[in-house]
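Remarks on the structure that follows.
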Ligand code: BGC
């Protein structure tokens, strides 16, 4: 059962009293271990273009949202209008105490038709990068976060053997235009998700066929290839090729470190016949080997998975669940960092970690426990260089629409007004002090 939760929207009065509580909470955490994090540690917040910008009409997902039936519960529409409100959002996150902003650039804006690049959209992202620098915030830019241009989907998406070349061309073009202002970049966000679906009880393969046929009809194409519904093995091979080619293109055009963000869980073996080790090899093995040849690995962890023989098992009866229906398990982060670091042997940045909840006190508890895990890793000499929280804003949570609330900052769905939650002050204060 999903916890019953209270309203996410805070009045100014709530905020003022919450600020006091937040300062106290930060002090008591400091009592546990107030020693500083390494100098230069990144403290950031993350978003993804499709989830916050609004009106990404040239993407494959915009098409899928409008199909009937659709796997999306609601359309993204204006999202958080971050496309226009980024100056306010970057000012806000800097004011909260963060020194890093991870966001993605939308391929479908930059290359709306195959081979035709928009200088105006590239200039838009230059302005976003300039806003970061103006506030002494380091930008970490993700070049692909789930959404693709329509033309790419119409050509079969990642399943097309030419996809890696198309991605590399886009990555090179964007790096040439933006590279002098980028501090860190990642090629792709969680390219191992299609493989992760296989281990879940949810069966994407059974819905994919008819859905993709409808989508192809909607855009007048023969086929439609989407990241969420493609064949996991083919996608893995094509996307690894695209990662390496994109990496080379980005490095030749800019001087910034480049990594890849991986979806990870704390995988725990249940039963003598648990497939845990096979799962790890399928989900992470090839990607951690790719990360090993990159400058860093981005670890993204939210929960644990209790792994049975061939599938993840459902959460045990009575455990606390988040709005996503999975277990409240902040300890996942520590285990994911340990595994990724041991396998890839490159520096680790936590590029996502967070919780979908409308009870912000649970978010604060989650952050405290997750950061205690980061601290344990550092004590053991693991090279962790940053913690970037998902997410800055309550945003469009893909198929689940706007219901799950991952933001440190609430967004009023009518007015789009931003209101920081107590957790934003809590984590911002830790960031400012560079200590728990
Ligand atoms: C994704 C985000 C998503 C978050 C919360 C990550 O898997 O990168 O786009 O919103 O998890 O579910």
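Please treat every number below as a calculation from the coordinates, not as lab data. Everything quoted here is computed from the prediction, not taken from an experiment. No Cβ is skipped: glycine too gets one built from the backbone with ideal geometry, and neighbour counts run over all protein chains shown.
See the values below:
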read-out	value
FRET efficiency estimate (nearest 0.05) - Cβ-Cβ, residue 73 to residue 268, R0 22 angstrom	0.15
Relative contact order %, segment 224-326, counting alpha carbon pairs below 8 Å whose residues are six or more apart	29 percent
Rg/Rg_globular for segment 365-421, with Rg_globular taken as 2.2 N^0.38 Å and Rg from C-alpha atoms	1.48
Inter-label distance for residue 252 and residue 380, nm, one decimal - labels placed 7 Å from Cα along Cα-to-Cβ	4.0 nm
Value in Å of the Kirkwood radius, where segment 54-107 supplies the Cα pairs that are averaged	13.1 Å
Antiparallel bridges, percent of DSSP beta bridges restricted to the chain (to nearest 5)	20 percent
Equivalent ellipsoid semi-axes - Cα gyration tensor, the chain, angstrom	30, 25, 23
Length added when fully stretched, residue 55-residue 403, from 0.36 nm per residue minus Cα-Cα	123.4 nm
Part-to-part distance (alpha-carbon centres) for segment 344-391 and segment 239-254, which is given in Å	27 Å
Potential extension, residue 84-residue 159 segment - 0.36 nm per residue separation minus Cα distance	23.6 nm
Estimated translational D of segment 336-436 in µm²/s (Stokes, Kirkwood radius over Cα pairs; 25 °C; 0.890 mPa s)	167 µm²/s
For q = 0.15, 0.16, 0.21 Å⁻¹, Debye-computed log10 I/I(0) when each Cα of segment 388-436 counts as one equal scatterer	-0.44, -0.49, -0.73
Two-site FRET efficiency, residue 66 against residue 222, from Cβ-Cβ distance with R₀ of 22 Å, rounded to 0.05	0.65
Length gained when the stretch residue 311-residue 434 is fully extended (0.36 nm per residue, less Cα-Cα span)	40.3 nm
Size-normalised alpha-carbon gyration radius of segment 303-389, reference 2.2 N^0.38 Å	1.16
Spin-label proximity, residue 126 to segment 77-108 - amide N less than 12 Å from point 7 Å beyond Cα toward beta carbon	none
Computed over segment 259-405, Cα set: Rg, Dmax in Å	15.2, 42
Separation of the residue 345 and residue 117 label points, Cα + 7 Å toward Cβ, nm	3.6 nm
Where only alpha carbons of segment 111-154 are counted, the Rg and the Dmax (Å)	13.2, 40
Calculated over segment 213-335: convex hull of Cα atoms, volume per residue (Å³)	172 Å³
Span from the segment 66-128 Cα centroid across to the segment 408-436 one, whole angstrom	20 Å
Relative contact order (%) - the chain, alpha-carbon pairs under 8 angstrom, separation at least six	22 percent
Within segment 235-256: backbone nitrogen closer than 11 Å to the residue 176 label point (7 Å, Cα to C-beta)	253
Segment 83-171 - Kirkwood radius from inverse mean 1/r over Cα pairs (Å)	14.3 Å
Value at 222 nm in deg cm²/dmol, rounded to 500, when DSSP H runs of n ≥ 4 in the chain each add -39,500 (n - 2.57)	-13500 deg cm²/dmol
Percentage, to the nearest whole number, of Cα pairs in segment 56-204 over 26 Å apart	31 percent
